[in-house]
Amino acid sequence: MPAGLVSGFVLGVVLGALFSEWGGRWRKTAVLSLAFCLLFVAAVLDQFWQTGFIGAAVIAMGAINNVFRRDGEVKVGVTYMTGALVRFGQGLAARLLGNSEEGRFSAIGLWVGLAAGAVSGALSFSYYRASTPWIAVAICSGLLLSALLIERRSVRSGG
């Protein structure tokens, strides 16, 4: 099971990277479209095939790590809890020394987002088990719509 989860996550990262490249200027929309489809499949499979649900969800988790991919690499660490805490601590130390290190100090937002997602996910799973996969689909659809609007505006303005 652990090998399958890790393999599925890596497969998702590969698929997300491919979609990001193929998406060109629409890379976020392409990656989030893939994640949305995978989460939708996972939500449907959750009703009758738990292994399929887990597989599709794990692939989606790997794929979504490519949302912030640019020039062949991820520009923002989206799930690296310790890295975000290290950057936060370094930024805090820099502030105490009088240096302005905005990028490092703001890394705490990534960690808070990860922690909030973990807590809200656990609570929704505990109280609304049957709806939990559909909550993920709804959130992903909102992110997909946001990315589509942002990238559409960027393409129209020539950016």
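The values are calculated or read from the model by the stated rules, or taken from the named source; none is laboratory data. Since this is a predicted model, take the numbers as computed values, not measurements. Here the Cβ is made from the backbone with ideal geometry for all residues, glycine too, and neighbour counts use every protein chain on show.
Values for this structure:
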read-out: When residues of segment 22-35 are limited to those that are over 20 Å from residue 6 (Cα atoms) and touching a residue at least 12 places away in the same chain (Cβ under 8 Å), the one surrounded by the fewest Cβ atoms within 10 Å (Cβ to Cβ); value: 25
read-out: Residue match in segment 115-124 (condition: touching a Phe, Trp or Tyr at 6+ places or on another chain (Cβ under 8 Å), surrounded by 11 or more Cβ atoms within 10 Å (Cβ to Cβ) and farther than 13 Å from residue 26 by Cβ); value: no
read-out: Among (1) surrounded by 14 or more Cβ atoms within 10 Å (Cβ to Cβ); (2) at pLDDT below 90; (3) over 17 Å from residue 146 (Cβ atoms) - the single one residue 81 does not satisfy; value: (1)
read-out: Subset tally (residues that are under 22 Å from residue 43 (Cα atoms) and either modelled with pLDDT under 80 or not in a helix (DSSP H, G or I) (or both)) for segment 104-159; value: 2
